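The values are calculated or read from the model by the stated rules, or taken from the named source; none is laboratory data. All values derive from a computational prediction rather than experimental measurement. Cβ placement follows ideal geometry from the backbone for every residue including glycine, while neighbour counts extend to all protein chains displayed. Ligands, DNA and RNA are stripped out before the accessible areas are found, and what is left, the full protein with its side chains, is counted by its heavy atoms. Shrake-Rupley method; radii C 1.70, N 1.55, O 1.52, S 1.80 Å.
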Amino acid sequence: MRKVLPLLLAVLLTGCASHQKKPLDKGTEKEVASLGQMAVKRLMGELKSNLGTALKEGGFPKAIEFCSRKAEELTEKVNKELVVVKVKRVSDKFRNPKNRPDGLDQEVINEFKEELKEGKLSPYKVKKLDGYFVYYKPILVSPFCLNCHGKPESMNPEVLRVIREKYPNDRALNYRAGQLRGVFKVVIPEGEVKGG
Ligand code: HEC
């Protein structure tokens with residue numbers, strides 16, 4: 001028995017870690033993806049339009065002030081409007097510790113990174129957990145993002161000063177265009193999906 005118990009535990013734990021293996025049926029996956037995409041659009045729209053306004057008002061120093069004060073608040077606002085579906089951004093190299101990935105997030109981030117390396121990045125991924133679905137969409141770095149996520153020596157010193165002050169443990173610098181910056185993550189309860 002003494003030898004069996006650790007083995008049994010190991011099997012059980014691996015079982016838990018390897019979420020689900022059987023593929024979702026196409027109809028369910030499509031429905032989850034369309035709900036996920038709708039939530040991502042809402043959050044992206046909200047962040048973009050507010051960032052655009054701040055940029056026009058005062059360039060990147062103003063925009064960085066805006067991001068650091070408002071990104072979290074705008075995410076909460078969108079989630080209140082969405083009611084049951086929850087959307088957020090997650091990154092393995094997070095700036096805000098609230099955007100730290102959990103185990104499944106990290107797994108999916110690794111999958112996307114691997115795909116990107118091989119030049120066949122999926123537009124999204126859907127995972128099924130107990131009672132809910134998770135929709136993931138990759139976020140790529142464009143040259144524009146490097147104003148606040150690039151090499152410190154090429155960034156506006158005022159922007160860098162604000163980042164250092166607000167995020168003493170920032171990990172989101174030194175990116176290059178084309179890299180995976182993170183993911184949008186949308187949690188959708190099973191009851192919201194007709195086919196599921
Ligand atoms: C004006 C500066 C600025 C620009 C430009 C900018 N970001 Fe950010 N970004 C930030 C700040 C500040 C945060 C932390 C926000 C918070 O506290 O939630 C952040 C957070 C993020 C996050 C959430 C994960 C984390 O690290 O906390 C992602 C994903 C992200 N940015 C992607 C991008 C992408 C992609 C672009 C280009 C399309 C971009 N950013 C452009 C300043 C910027």
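Tabulated values for the structure
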| read-out | value |
| --- | --- |
| Residue satisfying all of: in the stretch 81-104; in a helix (DSSP H, G or I) and more than 16 Å from the ligand (Cβ to nearest atom); surrounded by the most Cβ atoms within 10 Å (Cβ to Cβ) among these | 82 |
| The listed residue being more than 15 Å from residue 140 (Cα to Cα), away from the ligand (no atom under 16 Å from the Cβ) and at pLDDT 95 or above, out of 115, 76, 107 | 107 |
| Positions within the stretch 137-191 being in contact with a Leu (Cβ under 9 Å, 6 or more places away or on another chain) and assigned to a loop (DSSP other than H, G, I, E, B), in sequence order | 141, 150, 151, 155, 173, 175, 176, 177, 178, 179 |
| Total residues in the stretch 97-144, condition among the basic types (Lys, Arg) and more than 21 Å from residue 39 (Cα to Cα) | 3 |
| Any chance residue 34 is small (Gly, Ala, Ser) and buried (at least 16 other Cβ atoms within 10 Å of the Cβ) | no |
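So that you can scan it fast, the table gives a plain yes or no per residue for (1) open to solvent by less than 30 Å² (accessible area, probe 1.4 Å); (2) within 11 Å of the ligand (Cβ to nearest atom):
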site	(1), (2)
130	no, no
134	yes, no
139	no, yes
144	no, yes
150	yes, yes
162	yes, yes
166	no, yes
173	yes, yes
